[in-house]
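Below: the structure, in structure tokens.
Nothing in this text is a laboratory measurement; each read-out follows from the coordinates by a stated rule. What you see is a predicted model, and the numbers here were worked out from it, not measured in a lab. Glycine gets a Cβ as well: all are built from the backbone with ideal geometry, and neighbour counts include every protein chain shown.
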Amino acid sequence: MGIKGVSSAPGDFIYFKSQVPLHRIPIGTKQWRYYDFGPKVVPPLICLPGIAGTADVYYKQIMFLSMKGYRVISVDIPRVWNHQEWIQTFEKFLDAIDVHRIHLYGTSLGGFLAQLFAQHRPRRVKSLILSNSYLETKSFSAAMPWSPIVSWAPSFLLKRYVLTGIRDGPHEPFIADSVDFVVSQVETLSKEDLASRLTLTVDDASIGPLLLPDSSITIMDTNDYCAVPLQLKDQLNERYPGARRAYLKTGGDFPFLSRPDEVNLHLQLHLRRVGVEARPDLVQIASQGGGSDSGPSEKKDERDGDDTHKDDNEHTESSPSESQVSPAPESSESHSIDNQLLNNAKACYLGNHGETMVLVIINKILLQYVQMICVSLMLSMMDASDSTHLLSLIPDR
């Protein structure tokens with residue numbers, strides 16, 4: 001296919017990585033890589049990605065919902081090789097992070113694994129949000145006749161197979177960006193990661209009856225296209241006739257990236273409907289100047305390397321218990337009007353005072369610098385004696 005991975009990440013993802021700590025904990029022989037952000041007193045929404053996703057793909061949901069006072073946990077699917085192992089390993093992970101009642105948001109394979117856990121551990125799952133998901137794996141197994149030797153296949157073949165499931169061709173810009181981002185995440189996955197996820201996808205299994213009432217389930221699908229066949233999505237809808245429907249007109253396979261505003265709204269409505277009370281009063285906005293626990297730059301994860309490898313902004317179990325989003329570092333000695341305006345802009349954004357004021361402030365800043373640049377260019381072209389009157393054009397600071 002024509003899609004190529006990209007090494008660069010969107011600017012807001014770089015900001016996310018500088019603010020939200022990445023956690024790694026070993027549980028038995030499994031290594032869990034996850035983000036946990038937001039007030040700890042709130043029952044968490046746990047996000048499970050599809051076969052091509054990582055914990056990073058839900059960064060737009062983490063940032064939005066945590067600022068609203070919700071707790072969001074986004075995880076990588078660990079290297080498990082059958083569905084029973086998934087159930088046991090995921091339960092041990094929840095015990096390790098001291099979480100007992102959860103709400104699950106799963107897309108594609110993540111949605112299937114979420115239903116599987118809800119079926120076998122009904123007391124722990126309070127609600128489900130399923131996006132572009134399915135009830136059984138038989139059709140995927142039939143489409144992959146070489147599944148018995150998937151663990152022997154080379155890495156390039158596994159990546160190629162996963163990427164062929166992502167629709168190629170022209171996309172509208174936001175969907176194209178979401179595809180590029182997910183493809184870049186696939187490049188970070190090791191051969192073992194890909195092999196285990198493909199094994200979970202083709203391992204013959206189906207979802208049985210859930211004790212969870214349909215009223216606690218939201219089905220959020222895109223109406224344009226996705227890798228999951230329409231027949232499988234219809235089966236899911238028929239299984240849960242009383243579930244809440246949240247259809248997105250467009251969004252492709254990764255609406256959480258391509259249509260984050262709509263997805264975030266539906267997630268927030270779902271959490272409110274199932275009784276999760278947000279705690280915006282516990283959201284702390286403090287200038288920490290980057291701190292020693294977070295780094296401003298993004299680094300590619302070395303998943304094939306030693307488990308002792310750490311991201312610059314990785315946190316251990318002693319991380320702060322509440323959500324803390326700090327603005328970009330600023331000098332304590334700088335008191336210029338430009339810094340003041342920038343700080344005001346950040347405060348307006350984080351305080352939800354609307355976009356109009358932010359745009360006005362940004363326009364003023366840009367106008368100042370444009371004027372200064374123009375005057376500087378003109379001064380360089382004239383004699384010093386002719387330039388005195390031009391100095392008055394520079395705005396007062």
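Here is how the numbers come out for the structure above:
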item	result
Per-pair calculated FRET efficiency, R0 = 30 Å: Asp98 and Asp203 via Cβ, rounded to 0.05	0.50
Residue order, fewest to most beta carbons within 10 Å, for Leu248, Leu200	Leu248, Leu200
Tensor-based shape of the range 73-133 (alpha-carbon gyration tensor, a/c under 1.5 rounded, otherwise prolate or oblate)	rounded
Whole-number percent relative contact order across the range 11-315, with pairs defined as alpha carbons under 8 Å at least 6 apart	25 percent
Length-normalised contact order of the range 102-147 in % [C-alpha pairs under 8 Å, at least 6 apart]	44 percent
Sorted by Cβ neighbour density within 10 Å, fewest at the top, the residues Arg33, Arg71, Arg244	Arg244, Arg33, Arg71
Exceeding the 32 Å Cα-Cα cut-off - candidates Lys40/Lys191; Lys68/Lys191; Lys40/Lys249; Lys17/Lys159	Lys40/Lys191; Lys68/Lys191; Lys40/Lys249
Per-residue Cβ neighbour rank within 10 angstrom, fewest leading, Cys47, Cys226	Cys226, Cys47
Amide proton proximity set for Ile27, modelled H, under 5 Å, gap of 5+	Trp32
